[in-house]
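So the structure is just underneath, and the comments pick up after that.
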Amino acid sequence: MKKKKLTTAGGRPYTEFENSQTAGPRGPILLQDYFLHEDLAHFNRERIPERVVHAKGTGAFGTFTVTHDITQYTKAKIFSEIGKQTKMFARFSLVAGEKGSADTERDPRGFALKFYTEDGNWDLVGNNTPVFFIKDPKKFSHFIHTQKRDPKTNCKNPTMIWDFWSLNPESLHQVIILMSDRGTPFSYRNMNGFGSHTFSLINKNNEQHWVKFHFKTLQGIKNFTGKEANDMKSTDLDHSQRDLVEAIDRKEFPKWTMQIQVMKAEQAKNFKFNPFDVTKVWSHKEFPLIDVGTMELNEIPENYFRDVEQSAFAPANVVDGIGYSPDKMLQGRLLSYPDAHRYRLGVNYENIPVNKCPYIVANYQRDGFMQVGDNGGATTNYRPNSFDDIVVDESYKEPPMQMESNTADWFDRNENDSDHYTQPGILFHYVMTEDERKNTVTNIVNAMSGISGEKKVEIINRQLCHFFRADKQLGMEVAEGLGIPIDDRVI
């Protein structure tokens, strides 16, 4: 292997790596030892801001292959023909934990995908659950604050968590999932992924359908129990990271099947609940899963920071044939995700290789932090102009979105949509096995046992009300586990 010269960042060959330049063997260091200051200055700046959420994660490159024809629903080129392959990048993560937290914490898992298509990058940014805790983005920062650290003690605080959840019964569906063994996946390879939100598909005739994206693991679902997850914390904090890297190194490439649920626009107008509510799921019986393709991860990045830490996903990045929906949480994320990346990585974050569209990008954005490309060269940086050859392709024009109202106001998110209990009850009583129900109750009791302070009884009783309304057995067993006599329960 050809040897490389040691150099400064500017490329100057450098010889004195081990010792600082001083005035004599025991004298003070000289300011002119440029390499010393360059090295220390770079070290001081090695850490970019941690993601506010999804701070700890892992990632891999791979390929998406179309296996079934869905062109009746979408003109997106990624789905244009059976057998078509598209390069992609996936990042899995914890939601609430910091970068040094344990991979087996009880927490939802991020499931973020970037597809490098010829019509631009498509980012599908979801979780390992089909629902979320809240349905309006105005609550998001407040929810995340409860999952982080108490501003006084700087410790995680169960009282904050359960106080928020008990005051927002819309969270119950996700809470039940989180408190089940699905809240502690064995590995990223052994969990499903979901786009969670409702999106739209548009076909070549400009016909629109509503869609939900699902990714079913072909490795099989495997979860830790609460005890197993806690035991793993003391054994390997990076269990999920190591598991993915080692599996791909062994060429045991993990795979997922992409499936979609499709709802017609007419069905959505008269549906029994708001189909754009991210706290609810669509029945698989009413809207069966349709096979689309297979995702395979087969390449670990050569440098974690370059590709995983600097990867940036935004649900705003859709492509021709895939669009948004009136899902309020999705609408909030369209703004907040790109804004977070501009803060953390710089305004030109989409020039970073892992985020860069590998096909032609033509626009008038120039300058700013981290401009590592050609910055548009000598081309014109305004429009309209008489000089460049950038044209508008009208074939990409999106059909107009029909608004259901022309009244602008602050509407109660739960008006005519306040059933927060039926789906969590079905999940607990009919979907879970007896062992899964038992583990869920145990996990809830352990988590709620940490509630303290003068509002303890009020918070516990309020949350118990939600459990009873979802399923009587669930409420009874949680109350019993917390040692609350039947006569004292608020049902």
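When you restrict to C-alpha pairs under 8 Å that are six or more residues apart and normalise by the size of the range 233-337, the relative contact order lands at 30 percent. In summary, the chain shows an alpha-carbon radius of gyration equal to 1.10 times the 2.2 N^0.38 Å reference for compact globular proteins. Under a model in which nothing but the beta-carbon of Lys, Arg (+1) and Asp, Glu (-1) is charged, the range 300-370 shows a dipole of about 160 debye around its Cα centre. Checking every one of the GluC sites (Glu not before Pro) in the range 186-261 against DSSP loop status and a limit of 12 other Cβ atoms within 10 Å picks out Glu252. Taking all protein chains into account, the per residue accessible area for the chain stands at 54 Å² (1.4 Å probe). Note on the chain: dipole from Cβ charges, positive end direction compared against Gly24, Thr225, Val292; the farthest Cα belongs to Gly24.
Which one of Gly450, Asn303, Leu178 has its Cα pushed farthest toward the positive end of the charge dipole of the chain, where Lys and Arg give +1 and Asp and Glu give -1 at the Cβ? Final value for the positive-end residue is Asn303. Taking the alpha carbon gyration tensor of the range 1-87, multiplying each eigenvalue by 5 and rooting it gives semi-axes of 54, 19, 10 Å, largest first.
In units of the compact-protein estimate 2.2 N^0.38 Å, the range 175-287 shows a Cα radius of gyration of 1.36.
With θ taken as phi - 60° and the Karplus curve 6.51 cos²θ - 1.76 cosθ + 1.60 applied, the whole-hertz 3J(HN,Hα) list for the range 185-193 is x, 5, 7, 5, 6, 10, 9, 7, x Hz, x standing for glycine and proline. In the distance distribution for the range 292-375, Cα-Cα pairs more than 18 Å apart total 56 percent. How much mean residue ellipticity at 222 nm does the chain get from its helices, if each DSSP H run of length 4 or more adds -39500 (n - 2.57) and you divide by all residues, to the nearest 500 deg cm²/dmol? -7500 deg cm²/dmol, from helical runs alone. At full extension, Val457 and Glu302 could sit 50.6 nm farther apart than now, given 0.36 nm per residue minus the alpha carbon distance.
About its Cα centre, the chain has a charge dipole of approximately 540 debye under the convention of +1 per Lys or Arg Cβ and -1 per Asp or Glu Cβ, with nothing else charged.
Taking Rh as the Kirkwood radius computed over C-alpha pairs, what is the Stokes-Einstein D of the range 52-170 at 37 °C in a medium of viscosity 0.692 mPa s, expressed in µm² per second? The estimated diffusion coefficient comes to 195 µm²/s. Protection proxy ranking of 466-476, 155-165, 367-377, by the mean of other Cβ atoms within 10 Å over each peptide's residues and highest first, is 466-476, 155-165, 367-377. The convex hull defined by the C-alpha atoms of the range 86-133 has an orientation-averaged projected area of 4.3 nm². Largest accessible area first, the listed residues Ser386, Ser141 line up as Ser386, Ser141 when surface is computed with a 1.4 Å probe on the assembled protein chains.
With all protein chains in place and a 1.4 Å probe, the accessible surface of the chain carries 52 percent carbon and sulfur. Separation of the range 389-424 from the range 200-227 is 20 Å, based on Cα centroids.
Based on every Cα atom in the range 148-188, Rg and the maximum pairwise Cα distance Dmax equal 12.5, 34 Å. Rolling a 1.4 Å probe over the protein heavy atoms leaves Glu16 with an accessible area of roughly 100 Å². Using the structure shown, select from Lys56/Lys139; Lys84/Lys114; Lys152/Lys456 the pairs with a Cα to Cα distance greater than 21 angstrom. Too far apart for the 21 Å limit: Lys56/Lys139. Relative to the compact-globule estimate of 2.2 N^0.38 Å, the Cα radius of gyration of the range 348-491 comes out at 1.94.
Only Cα pairs under 8 Å and 6+ residues apart enter the sum, and on that basis the relative contact order of the range 123-262 stands at 26 percent.
For the chain, the relative contact order is 17 percent, taking Cα pairs closer than 8 Å that sit 6 or more residues apart in sequence and dividing their mean separation by the residue count.
The values are calculated or read from the model by the stated rules, or taken from the named source; none is laboratory data. Everything quoted here is computed from the prediction, not taken from an experiment. Counting neighbours? That spans all protein chains shown, and the Cβs are built from the backbone with ideal geometry, glycine included. Side chains are part of the model used for accessible areas, which takes the heavy atoms of the whole protein and leaves out ligands, DNA and RNA. Shrake-Rupley method; radii C 1.70, N 1.55, O 1.52, S 1.80 Å.
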